[in-house]
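Taken together, the values in this text are just the output of simple stated rules run on the coordinates, not laboratory data. Every value quoted in this text rests on a predicted model; they were computed, and no experiment measured them. With ideal geometry, Cβ positions are generated from the backbone for all residues, glycine too; neighbour counts draw on all protein chains shown.
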Amino acid sequence: MCGGRRSPKLLATKRTQLNTDARRRLFDHTPDTLRAFLTDLDEPEYRADQILEWVYRRGARGFDQMTNLPKALRQRLAERLYLYESQIVQCARAGDGVTRFLLRWADGETAECVSIPADDRRTACISTQVGCPVGCVFCASGIDGVRRDLSAGQIVEQAMVVAHQAEDDTRLSNIVFMGMGEPLVNYDATIRAVRTINAAWGVNIGARKITISTIGLPKQMRRLAHEDLQVTLALSLHAPTDELRRELIPWAKGVTIAQLVEAARYYFDRTGREVTLEYVLLADVNDRPEHARQLADLARRMRCNVNLILYNPVEGFPYKRPGEASAHAFLHHLRARGTNAHLRSSRGLDVDGACGQLRRRE
Ligand code: SAH
Ligand code: SF4
């Protein structure tokens, strides 16, 4: 069962004001900014710790649940801050337990997040932008470009929505930035969200359990290496040659694979964290044996492991998912050349498995 948790309510009309005023969202706050916010209200600073405890440890969904806060303060907070800003406007659960949510923000824009359960764990796949500016030719998220960035709090809120969805004992254990949008284009909000997700006072998920997936912005990849975060970096390569890569990712025409190799090496050298190469297998486009050979050479040079993803077909696009046999042959070619490679099982297929599709339908 999903949905019905919060009923849609009237959308706010002051679009830009709500977008830009991050202080209006609890999830945009750090302990320091929340203390300053409370001081402005002539409240003692320790209330900030109480509020964060309620939100992140005790699962409060509204200020009215924070029973050790004076009633008047709860009311003032509710008037000034969103706790959960979003409404779940669609929710689709697949037979394998994967659940996709379409969230609508106060300005009417929407973004997707996904809950992926596995044994006693749960991964949240979250978005960083409404739409995507990159427009890879096979991806539903970038079809209409980007509408706007999400704030750090809106990114954190998605993780919390997924955390609350557990109907069993599966704890939120992993976060992947693999929803809509390009995280390194919305760099500052993404990093702030990672810090809150990682913080002991926040969602409290280990940095190594957090994966940032990027289409590859060399400068920002280097910058990320200096953030003092032990997050996993996944680079969406999808093609072993510049020519083919530019066909699939026209936006990448100014970036060469050689530059990406250098940036990934830099990330590895500086953080000691092995970069993952992501490679969406598109039938008869990038899944031939020579592609596997070229990819294995690259992975060796970059000291990367490879994650193969079976393409989830998107309505209206010409690309097809390769058969299991040819995907396994590709995997075998990589492994035969000493590459540490995995074929990611595709899940949630019966509910528009490709990110961006729920929003598009809506
Ligand atoms: N913009 C970032 C993160 C979001 S996309 C990036 O591109 O890395 C996350 C991953 O999903 C990427 O590797 C992307 O190529 C992949 N993806 C996008 N559309 C897909 C589809 N229809 N089927 C399978 N994987 C897809
Ligand atoms: Fe954007 Fe990533 Fe989709 Fe490319 S694959 S359009 S970068 S979300």
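If the label point is 7 Å along Cα→Cβ of ARG273, which residues in segment 90-129 have backbone nitrogen under 12 Å from it?
Within reach of a label on ARG273: no residues.
For segment 25-82, with equal point scatterers placed on the C-alpha atoms only and solvent neglected, what are the log10 I(q)/I(0) values from the Debye formula at q = 0.13 1/Å, to two decimals?
Each listed q corresponds, in turn, to -0.26.
Between ALA329 and GLU79, with labels modelled 7 Å along Cα→Cβ, what's the label distance in nm to one decimal, could you check?
With each label point 7 Å from Cα toward Cβ, the separation is 7.0 nm.
Add -39500 (n - 2.57) for each DSSP H run of 4 or more in the chain, then divide by its residues: what number comes out at 222 nm, to the nearest 500 deg cm²/dmol? Before the final figure, lay out the partial values.
Values: 12 runs with 121 residues, N = 362.
For the chain, the value works out to -10000 deg cm²/dmol.
Suppose we keep just the alpha-carbon trace of segment 67-117; what are its Rg and Dmax in angstrom?
15.6, 45
List the equivalent ellipsoid semi-axes of the chain in whole Å, largest first, each obtained as the square root of 5λ for an eigenvalue λ of the Cα gyration tensor. Walk me through the numbers before you get to the answer.
Numbers: eigenvalues 279, 93, 68 Å².
So the three semi-axes of the chain are 37, 22, 18 Å.
Place the peptides 149-157, 312-320, 256-264 in order of packing, highest mean first, counting for every residue the other Cβ atoms within 10 Å and averaging per peptide.
Values: 149-157: 25.9, 312-320: 14.9, 256-264: 19.9.
Per-residue mean Cβ counts within 10 Å order the peptides as 149-157, 256-264, 312-320.
Report the relative contact order of segment 87-361, percent, no decimals, based on alpha-carbon pairs under 8 angstrom and at least 6 residues apart. Let's see the in-between values first.
Numbers: 567 pairs, mean separation 48.7, N = 275.
It rounds to 18 percent for segment 87-361.
Regarding segment 138-254, what whole-number volume in Å³ per residue does the convex hull of its Cα atoms give? Display every interim value, and only then the final one.
Working: hull volume 15.1 nm³, N = 117.
Measuring per residue, one finds 129 Å³ for the Cα hull of segment 138-254.
Would you mind pulling out the separation of the Cα centroids of segment 210-263 and segment 135-179, in Å?
With segment 210-263 and segment 135-179 each reduced to a Cα centre, they are spaced 20 Å.
Looking at segment 87-361 only, what percent of DSSP beta bridges run antiparallel? Nearest 5 please. Working shown, then result.
On the way: 20 of 45 bridges.
The antiparallel fraction comes to roughly 45 percent.
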